[in-house]
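One structure is given below, encoded as structure tokens.
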Amino acid sequence: MDLIKKSLEEWQGGIAKSITFIVTKDCQLACKYCYLVGKNAKERMSWDVAKKAIDYILSHEDEFKEESVVWDFIGGEPFLEIDLIDKICDYLKMEMFRLNHHWFNSYRFSFSTNGLNYHCEEVQNFIKKNINHLSIGITIDGTKQKHDLNRVYKGNDERGSYDDVVRNIPLWLEQFPNSSTKVTISSDDIPYIKESVVHLMDLGIHEVNINCVFEDVWKENDDKLFEQQLLELADHIIDNDLYKENTCSFFTEFIGKPLDKETDNQNWCGAGKMLSIDAAGNFYPCTRFAQYSLRDKDAWIIGNIHTGINKNLLRPFLTLDRCTQSTQECIDCEIASGCAWCQGENYDAADTSTVYQRSTAICKMHKARVRANNYYWNKLYNKLSNLNAL
Amino acid sequence: MMKYLVILLSDQSTSFCYYNSSDNIEENKLMPLETLRNAIKYAFMEDLFIQFVLPPFSLPKEYEDIITSTKASIIAPSSTSYKADVMVVDGFLELNNIEILKDVSYVLRTSKKDFFEHYEEITRRIVELSRLNIVLTDIEDFKEDDFILYKQILDEFACCVKDITLSGETIQLNILTDRLVENEMNNCNAGCKTITLAPDGQFYICPAFYYAKEQPVGNLENGLMIKNSHLYKLEYAPLCRECDAYQCKRCVYLNKRLTREVNTPSKEQCVVSHIERNASSFLLLSIREHIIFMPKTEIKEISYLDPFDNIKNK
């Protein structure tokens, strides 16, 4: 695991290329907050498409100069296509070795899964084969009540999936002890935030990455309820000393500060620096620009496995900066740092077909988060100061 | 702030820029007279200078009366007998067959292939012209070899213009001399300072947007309604606002077609504009070897042809 952890630090340093295979647009679940509006059981990636994509990418080494690569698999639910994924990963390893590619031994296979198939034999065999180059995130939203509120099976009965996921958590944590989970908050989830985060920590998941959806779903007073939940969570984490072994991404020391127009002008989102491939063999700047992710806009295709990448279509992403896409209110905001955006959602919500119009739907939630975050750190410093004084 | 109103009098109004007006014409639609009158009224009220764009056929007398009685500039195809401020020449064959008029600006629209084959025709006739704008209609098809050839040709043009200048004459050739007189970006400014009224009575960012069947951005009755209008301004174009290829057209239509964003130029547009910029520098230095010439003008030596490489490497 040390190997993986060390590698993670390098990847987080921004020197890794993220290449995502959208292996299927199918999923066992129909989560109510899912941004994938076009999920279906028909668009499954074929081996021929996957192989052509790999051949294109590995044969254009000069266009992919990042030191490391994260081969990412996404769906729908990626483990529904475990046989294809296993074949892809074997081929990738063989080809990177055969070509003496600079990514050989500097790669990682990454998965975001709903965890339902985690225990099955095919998935477990794959994990054992690739354990040293693997990171897997299982999405579990918190308590059974909170999880089942949104993460329900397809079909009319809207049966919750909590019980089928949680039984796989011990095996997952045994194989990946430092794993984190990703929690997504929408309007209806707000009352359950505190108990859900605490529940995940109780399950042994020490790193809880949690964020509000970027879509414009927020109702009146959601920010106040959200702030109250975060204050209660802060009290619980600090009063029970959970901060010693756990982190929750809502509480991050360096958010809520003004940003300089010159020195802090970089784009937040990595769209364009990543690459996604779908079942049709089309390339995208990020999965969020594939048609199944978009409500109101046309897919932003930047090429395909036959003709390669049209670099002109990447230029808008690679020249994007914070201020050019932001409103004056955002530029002047006193608590701008840590306020995130998703380029795909910006594009989908924009008045014209552009990535240069930043959506501000999350504004009041960020402000609430910053107030609670300030509370968390001040309370924690206060506690630690008092302890040190004893 | 808008300053110019381009009025397309017909669906067959001549193209004076990168787009082809004939590509999507289904019928010969003339702007209704009532629309034309309202357009002029609108321009007067909004304090916009009018540019009429004429078709290659004679207009009915009522139209001619309105045009001749309105303070405006006229853009017309060279195949017509209109007294225009700007005459559009479609290709080298036409260039060879027209009589050059003094005090008229000419636009030569040509493909890169024809330009590369026949550019010497330009050097042959250049002394007759007071101003020539060369428009390469397929800039998006430029490849590496084309960039090299384009540079060689511009250097030849520079030698020719140098000789003319040293003889005491002046010539304006957009791709070579415009950069000498610009101190800041002077681009097309469609959607920012210039707007187009089409024969259907609707506003479009520029004629190309009309012929490409893009969405209109307003009408005479309700005025302009340009969504994300700031994206047409230079300060919202990350590549262009740092650039000193001041003569670049910065064509928002080509931007949209090739990169999907009106504020982002393609590699081809950037490289072509920088070859022109560098040729202007070469011309400036060549003339200065003989005489004191534009002493305050400076075009710095740069190591790139595509400013995108600078951003990418940051």
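Only the coordinates and a few stated rules stand behind these numbers; no lab work does. Here the structure is a predicted model, which is why all the values come from computation and not from measurement. Counting neighbours? That spans all protein chains shown, and the Cβs are built from the backbone with ideal geometry, glycine included.
Between the helical axis of A:363-389 and the longest alpha-carbon principal axis of chain A there is an angle of about 60 degrees. Based on C-alpha pairs under 8 angstrom that are at least 6 apart in sequence, segment A:206-255 has a relative contact order of 73 percent.
Coupling constants for segment A:118-131 follow from the phi torsions by the Karplus curve (6.51 cos²θ - 1.76 cosθ + 1.60, θ = phi - 60°), and in residue order they are 4, 7, 5, 4, 5, 5, 5, 4, 5, 4, 4, 5, 10, 3 Hz; glycine and proline get x.
Extension gain, A:Arg98 to A:Cys120: 0.36 nm times the residue separation minus the Cα-Cα distance gives 4.8 nm. The loop-placed GluC sites (Glu not before Pro) in segment A:84-188, going by DSSP, that have at most 15 neighbouring Cβ atoms within 10 Å of their Cβ come out as A:Glu158.
Sketch the reach of a paramagnetic label on A:Glu329 as a point 7 Å from Cα along Cα-to-Cβ, and name the residues of segment A:349-365 whose backbone nitrogen lies under 19 Å away. Label zone hits: A:349-352, A:356-365. Counting only other residues whose beta carbon sits under 10 Å from that of A:Arg295, what net charge do I get with K and R as +1, D and E as -1? Summing Lys/Arg as +1 and Asp/Glu as -1 gives -3. The trypsin sites (Lys or Arg not before Pro) of segment A:208-301 meeting both criteria, a DSSP state outside H, G, I, E and B (loop) and at most 11 other C-beta atoms within 10 angstrom of the site's C-beta, are A:Lys219, A:Arg295.
With a simple spin-label model that places each label point 7 Å from the Cα along the Cα-to-Cβ direction, the separation between A:Ser46 and B:Lys193 comes to 5.4 nm. Using a simple spin-label model with pseudo-atoms 7 Å out from Cα toward Cβ, A:Arg295 and A:Gln228 lie 2.7 nm apart.
Per-residue Karplus couplings for segment A:277-290, computed as 6.51 cos²θ - 1.76 cosθ + 1.60 with θ equal to phi - 60°, are listed in order as 10, 10, 5, 7, x, 7, 9, 9, x, 5, 4, 5, 9, 6 Hz, Gly and Pro entered as x. Between amide H atoms placed 1.01 Å from N, distances below 5 Å from B:Val6 occur with B:Gln51, B:Ile195, B:Thr196, B:Leu197, all of them 5 or more places distant or on a separate chain. Compared with the direct C-alpha span, the chain from B:Ile100 to B:Lys29 gains 22.5 nm at full extension, assuming 0.36 nm per residue. Residue separation of B:Ser130 and B:Glu117 scaled by 0.36 nm, minus their Cα-Cα distance, works out to 2.3 nm of gained length. In this label model, A:Asn240 and B:Asp200 are separated by 6.3 nm, measuring between points 7 Å along each Cα→Cβ vector. If both residues of a DSSP beta bridge must be in chain A, then about 25% of such bridges are antiparallel.
Between the Cα long axis of helix B:267-288 and the first principal axis of chain B there is an angle of about 60°, rounded to the nearest 10. Between the Cα long axis of helix A:222-239 and the first principal axis of chain A there is an angle of about 80°, rounded to the nearest 10. Applied to segment A:72-88, the Karplus parametrisation 6.51 cos²θ - 1.76 cosθ + 1.60 on θ = phi - 60° returns per-residue 3J(HN,Hα) values of 9, 10, 9, x, x, 9, x, 5, 5, 10, 4, 5, 5, 4, 4, 5, 4 Hz, with x for Gly and Pro. Under 18 Å from a point placed 7 Å out from the Cα of A:Ile15 along the Cα-to-Cβ direction: which residues of segment A:99-121 have their backbone N that close? What the label zone holds, given the 18 Å backbone N cut-off, is A:101-109. When the helices of chain A are scored as -39500 (n - 2.57) per DSSP H run of n ≥ 4 and the total is divided over every residue, the value at 222 nm lands at -11000 deg cm²/dmol.
Annotated for segment B:1-116: lysine pairs at least 8 residues apart or interchain, Cα distance under 21 Å, count 10. Within the shell defined by Cβ-Cβ distances under 13 Å, the residues around A:Gly204 carry a net charge of -4, with Lys and Arg each +1 and Asp and Glu each -1.
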